[in-house]
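These notes concern the structure reproduced below.
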Amino acid sequence: MAVLSVFAMIAADRTPREKYIQQYSSVAVREMRRTGVPASITLAQGMLESRYGLSSLATEANNHFGIKCHNDWEGGRYYHDDDKSSECFRVYRNADESFRDHSDFLRYRDRYKFLFDYPVTDYKSWAEGLRKAGYATDPQYPAKLIRLIEEYDLCRFDIIPEAIEEEIPEAPLSIEKPKIHNVKPSEEYRFPLSRKVYEENGVPFVYSLEGESYQSIAKSNNLFLKELLRFNDLSAEASLEPGTIVYLHAKKSKAPRGLEKYIVEEDGESLREICQRFGVKMSSVIKMNKMTPGGVLRQGDTIKLR
């Protein structure tokens, strides 16, 4: 009983910051392995945004990062004064859901993707990058994160044993970067090899040149026009601007691992353009997301890609 009392006293003496680190460090490490967001950054942001888990948003809505509802949010809603009066914030069933949503928020929004090119151990570049990308308007935001990380040695959670290092997915911009398509002996493609052919998601494509049309590209690659249009989610030939991606083979039904979803950055983005960008069939994405063909996308909408 005496030993238990000592431990109870030690636990009671911990500061809110130390309690927060003890309670959520394992969640932050798990999210780092899943998405590549450094655990130190996640913990420091959570501590700062939620006042160490004591803010009303954290205690009443399990929202530790101040993520707002956006158009496609179907969960609970919590109204709270922020930049504007009575803004809508997401309500989570538990804190783990909030941490997961925060990781996805960073990984799947275009403006944050460059952060994942930094090593997970480079917390200073991540902190500066968050402000540069517009996560916070406070010019002292990076310094506040860095101070918390260094004061509580949060960077110790960023060290990954070599045995499990491969669990962290590749940086999103690296996955998205078009690669030169090298035809394997076992592959049977009908297009000639006199032109540089790239690939996205393992699907070969060319960039259209000045004066080309879908008809001319189909002809030069030994394809039927309707076949080429189907590969590119088109029902009829359309005008073709130079530099447009034109797939020469059927796209995949889902994006590669590490690109599970895409978060719309601006109102009116075209679903077809998104599908062309990631080399995924539009019909598959519509089915995955239970969407109505022709629906309008809005900022903050989440599109599942696999």
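The values are calculated or read from the model by the stated rules, or taken from the named source; none is laboratory data. Note that the structure is predicted; figures quoted are calculated from it, not measured. All Cβ positions, glycine included, derive from the backbone under ideal geometry; neighbour counts span all protein chains shown. With ligands, DNA and RNA removed, areas are computed over all heavy atoms of the protein, side chains included. Shrake-Rupley method; radii C 1.70, N 1.55, O 1.52, S 1.80 Å.
For segment 214-234, the residues whose amide N sits under 18 Å from a probe point set 7 Å from the Cα of Ser283 along the beta carbon direction are 224-234.
Taken along the Cα-to-beta-carbon direction at a fixed 7 Å, the label points for Arg147 and Lys304 span 4.3 nm. What the phi angles of segment 24-31 give under the Karplus curve with 6.51, -1.76 and 1.60, with θ = phi - 60°, is a coupling list of 10, 4, 5, 5, 5, 5, 4, 5 Hz, glycine and proline written as x.
A straight chain from Arg77 to Glu265 at 0.36 nm per residue would run longer than the Cα-Cα distance by 65.5 nm.
Looking at segment 213-272, the accessible area is 52 square angstrom per residue; that uses a 1.4 Å probe and ignores ligands, DNA and RNA. When you restrict to C-alpha pairs under 8 Å that are six or more residues apart and normalise by the size of the chain, the relative contact order lands at 15 percent. Comparing mean-square fluctuations of Ser174, Ser220, Ser98 from a GNM of the chain with C-alpha springs under 10 Å, the top value falls on Ser220.
For segment 39-100, which GluC sites (Glu not before Pro) are both in a DSSP coil and crowded by at most 10 other Cβ atoms within 10 Å? Present the calculation step by step, with values, prior to reporting the outcome.
Numbers: sites: Glu49, Glu60, Glu74, Glu87, Glu97; in loops: Glu74.
The qualifying sites are Glu74.
When the inverse distances between all different Cα atoms of segment 236-291 are averaged and flipped, the Kirkwood radius reads 12.6 angstrom. Mind checking the angle between helix 95-107 and the chain's longest principal axis? C-alpha axes, 0 to 90 degrees, to the nearest 10. Once rounded, one gets 40 degrees.
For Glu269, the amide hydrogen comes within under 5 Å of the amide hydrogens of Leu297, counting only partners 5 or more places away or on other chains and with H modelled in the peptide plane.
Just the number, please: carbon plus sulfur as a percent of the accessible area of segment 176-306, 1.4 Å probe, no ligands or DNA/RNA counted.
Values: 3860 of 7540 Å².
Ligands and nucleic acids excluded, carbon and sulfur reach 51 percent.
In the chain, a dipole from Cβ-located charges (positive for Lys and Arg, negative for Asp and Glu) runs towards its positive end, and of Tyr79, Ala127, Thr15 it is Tyr79 whose Cα lies farthest in that direction. Placing pseudo-labels 7 Å out from each Cα toward the beta carbon at Ser26 and Lys196 gives an inter-label distance of 5.0 nm. Annotation note: GluC sites (Glu not before Pro) in segment 202-283 located in DSSP loop regions with a Cβ neighbour count of at most 15 within 10 Å are Glu210, Glu237, Glu265, Glu266. Label sites at Phe224 and Arg33, each approximated as a point 7 angstrom past Cα along Cα to Cβ, lie 5.0 nm apart.
Please compute the contact order of segment 158-306 in relative form: average sequence separation of alpha-carbon pairs under 8 Å and at least six residues apart, divided by the residue count, as a percent. Relative CO of segment 158-306 lands at 22 percent.
For segment 102-248, a simple Cβ point-charge model (Lys and Arg +1, Asp and Glu -1, everything else neutral) yields a dipole of about 480 debye relative to the Cα centre. The alpha carbon centroids of segment 76-109 and segment 207-252 are separated by 41 Å. Of all lysines in the structure, those lying under 21 Å Cα to Cα from Lys132, and not within fewer than 8 positions of it along the same chain, are Lys68, Lys113, Lys124, Lys144. In terms of its alpha-carbon gyration tensor, the chain comes out prolate; a/c meets the 1.5 threshold, and the first ratio a/b outweighs b/c.
Determine the dipole magnitude for the chain: charges of +1 sit on the beta-carbon of Lys and Arg, -1 on that of Asp and Glu, nothing else is charged, the reference point is the Cα centre, and the result goes in debye to the nearest 20.
Numbers: 45 positive and 47 negative charges, 159 e Å.
Computed charge dipole of the chain: roughly 760 debye.
For segment 178-306, the fraction of C-alpha pairs farther apart than 19 angstrom is 50 percent.
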